[in-house]
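Encoded as structure tokens, the structure appears first; notes follow it.
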Amino acid sequence: MSEQERNTLSDPNRLQTIRHSASHVMADAVASIFPETKLGIGPSTEDGFYYDFELSRSLTPEDLPVIEEKMRAIVAADVPFARREITREEARREFAEQPYKLELIDDLEDQETVSLYQHDGFVDLCRGPHVERTGEIGPFKLLSIAGAYWRGDERRPMLQRIYGTAFETQEGLDKFLHNLAEAERRDHRRLGRELDLFSIQEEAGPGLVLWHPKGSMVRKTIEDFWKEEHLRRGYDIVYTPHIFKAGLWKTSGHWEMYRENLFSPMDVDGQEYIVKPMNCPGHILMYKTRLHSYRELPIRWAELGTVYRYERSGVLHGLARVRGFTQDDAHIFCRHEQIEEEIVDVLGLARFMLRSFGFDEYQIMLSTRPDKYAGTIDKWEQATDMLEKALQRLGLVYEVDPGEGVFYGPKIDIKLQDALGRAWQGPTIQVDFNLPERFDVTYIGEDGREHPVAMIHRTVLGSMERFLACLIEHYAGAFPLWLAPVQGVVIPIADRHLDYAYRLASEIRSAGYRVQVDSRSERMNLKIREAQLQKVPYMLVVGDKEAESDTASVRLRSGEDQGKLSLEEVKSMMASDIRAFEHRARS
């Protein structure tokens with residue numbers, strides 16, 4: 001066995017070490033091509049590595065193969081990585097021409113020495129670790145160029161960031177590049193434009209979504225299903241305003257604990273108002289309009305409530321990270337002895353909802369008390385214990401995610417996996433003793449006295465925006481029939497077939513399906529091709545023979561030709577498609 005193989009087996013972080021080393025080799029290559037380069041930082045990441053540079057000109061994609069070629073020469077030279085420690089003053093002299101490195105050195109004022117790594121003539125400020133020699137760096141690929149503010153601060157200089165990845169084997173790199181290309185094909189931002197689902201426009205404001213008719217139809221279908229299922233399970237639907245007085249958010253603790261995510265107050269008749277970042281205080285105010293008996297509990301109120309949170313422009317990402325979004329929110333007011341049962345029921349609902357949309361794989365995290373929290377440690381431990389008992393009762397596999405709870409309580413996070421195995425934030429369940437205490441939320445017990453209410457916050461999809469982003473990418477825009485905004489398109493071969501096409505579409509629509517007629521004066525094959533590109537599940541081609549026999553020639557978006565089918569056969573086929581999905585969800 002070679003020494004490299006021994007290192008791989010003994011070091012579980014071997015891949016991250018390879019990628020970190022590759023970032024140094026990339027920095028060496030860039031600095032040799034552009035001698036005036038000012039170096040930023042270059043860490044490994046979950047999928048690869050990057051390095052930030054200040055350069056004399058803007059990089060282009062054509063530069064990446066040139067940098068790669070230089071990197072290959074450095075790797076082929078198989079020179080050692082050498083670590084040494086020097087004093088901070090020596091380091092300042094070493095990096096006298098590198099202002100970003102000097103800033104990093106100044107930040108290490110509590111350290112007497114700093115560590116450097118050198119391979120050949122290239123030296124970098126670094127804690128390590130690195131592979132022993134550049135030749136140990138496996139197959140790599142530079143991926144893209146982006147702008148990045150120094151240290152993520154919008155007030156600091158914009159640097160150029162080169163992203164890359166490296167693997168221990170060519171097979172690992174090939175698989176990654178395949179998945180990367182597939183992710184690009186499924187990118188919800190591109191598909192949102194191509195399928196005319198939504199847009200985000202500068203004139204409206206970054207992070208604010210405009211839902212187009214087809215995207216709105218998908219969203220409506222999801223929301224209608226969501227409402228029906230909640231009503232079936234004992235929830236009531238409520239609505240609350242988009243703005244509230246600022247004092248409400250001071251009482252709730254959001255003003256103190258969540259201030260950086262709140263939009264600035266607005267003046268209304270001399271009073272400060274804030275667009276809501278959460279729905280929960282509104283539900284609490286409704287609960288407090290009258291006394292409630294223990295016999296009424298649990299009370300389950302659900303709202304598709306739109307909220308607004310400030311996110312830096314640099315982190316906004318299509319539908320997945322926005323400033324205005326709609327939560328499929330609900331709050332359960334219950335007695336303390338009812339908490340575990342309610343959590344179990346919510347977990348059942350969440351898992352049913354995920355199956356309903358085709359998600360079978362997910363990861364469950366139990367997120368515990370963060371450094372910045374409200375309430376007492378005893379209450380936090382009690383709430384965490386209740387969440388954990390519910391998970392254990394259902395026999396669900398979960399991991400503890402230390403410190404990732406919200407400021408008012410611990411939570412269960414369910415991260416669903418899409419078709420490429422990527423994790424998306426989905427359902428969330430939180431136990432909260434803090435807000436009921438802050439707002440003095442109570443019920444009248446059997447003893448005739450007031451008792452504190454327990455409150456469960458939960459979403460079973462997450463936000464409509466992020467969930468739609470995930471759905472689009474999971475299905476690459478080819479939604480299952482029940483979700484497709486246009487379920488079928490009738491394609492007349494010639495204008496004389498239009499009347500029959502409209503009659504056929506009308507009859508299918510009367511059965512509850514979303515069907516359109518492509519009445520354009522274009523060739524039939526072009527209409528079929530465009531319907532396929534729009535991911536329409538069914539194409540019903542009609543001409544003289546179809547009009548005479550009251551049939552349609554049915555093609556699927558996959559390209560399969562189903563032959564001539566009667567109207568009843570078409571409707572039966574569509575109904576069967578939808579029933580199969582429903583059965584899958586409830587099985």
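In the range 383-421, which residues are in a loop (DSSP other than H, G, I, E, B), of a type in the set (D, E, K, R) and in contact with a Ser or Thr (Cβ under 6 Å, 6 or more places away or on another chain)?
Selection gives 404 alone.
Is there a residue being touching a residue at least 40 places away in the same chain (Cβ under 8 Å), touching a Lys or Arg at 6+ places or on another chain (Cβ under 8 Å), farther than 20 Å from residue 483 by Cα and surrounded by fewer than 14 Cβ atoms within 10 Å (Cβ to Cβ) anywhere in the range 163-181?
Among the residues of the range 163-181, not one is touching a residue at least 40 places away in the same chain (Cβ under 8 Å), touching a Lys or Arg at 6+ places or on another chain (Cβ under 8 Å), farther than 20 Å from residue 483 by Cα and surrounded by fewer than 14 Cβ atoms within 10 Å (Cβ to Cβ), which makes the answer no.
Of the numbered conditions (1) without any contact (Cβ under 8 Å) to a residue 40 or more places away in the chain; (2) of a type in the set (D, E, K, R); (3) not in a loop (DSSP other than H, G, I, E, B), residue 522 fails exactly one; give the number of that condition.
Result: residue 522 passes all but (3).
Can you name the residue in the range 336-377 that is outside any helix (DSSP H, G or I) and acidic (Asp, Glu) and is also farthest from residue 226 (Cα to Cα) among such residues?
371
Among residues belonging to the range 147-205 that are under 30 Å from residue 99 (Cβ atoms) and among the aromatic types (Phe, Trp, Tyr), point out the one that is farthest from the chain's Cα centre (by Cα).
150
In the range 532-574, what residues are surrounded by fewer than 16 Cβ atoms within 10 Å (Cβ to Cβ) and in contact (Cβ under 8 Å) with a residue 60 or more places away in the chain?
533 - this is the single residue of the range 532-574 that is surrounded by fewer than 16 Cβ atoms within 10 Å (Cβ to Cβ) and in contact (Cβ under 8 Å) with a residue 60 or more places away in the chain.
Yes/no per residue for (1) out of contact with any Gly (no Cβ under 8 Å at 6 or more places or on another chain); (2) closer than 30 Å to residue 26 by Cα:
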residue: 157; (1), (2): yes, yes
residue: 162; (1), (2): yes, yes
residue: 180; (1), (2): yes, yes
residue: 186; (1), (2): no, yes
residue: 201; (1), (2): yes, no
residue: 219; (1), (2): yes, no
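Those residues that are in contact with an Asp or Glu (Cβ under 9 Å, 6 or more places away or on another chain), in contact (Cβ under 8 Å) with a residue 40 or more places away in the chain and surrounded by fewer than 18 Cβ atoms within 10 Å (Cβ to Cβ), I need them from the range 251-279; list them, please.
261
For the subset of the range 525-575 comprising residues that are assigned to a strand (DSSP E or B) and among the small types (Gly, Ala, Ser), which member is farthest from the chain's Cα centre (by Cα)?
This residue is 566.
Looking at the structure I just gave you, is residue 380 within 19 Å of residue 458 (Cβ to Cβ), among the hydrophobic types (A, V, I, L, M, F, W, C) and assigned to a strand (DSSP E or B)?
Against the criterion (within 19 Å of residue 458 (Cβ to Cβ), among the hydrophobic types (A, V, I, L, M, F, W, C) and assigned to a strand (DSSP E or B)), residue 380 does not qualify.
Each reported figure results from applying straightforward, stated rules to the coordinates on display, with no laboratory input. If you're wondering where the values come from, they're calculated on a predicted model, not measured in any experiment. No Cβ is skipped: glycine too gets one built from the backbone with ideal geometry, and neighbour counts run over all protein chains shown.
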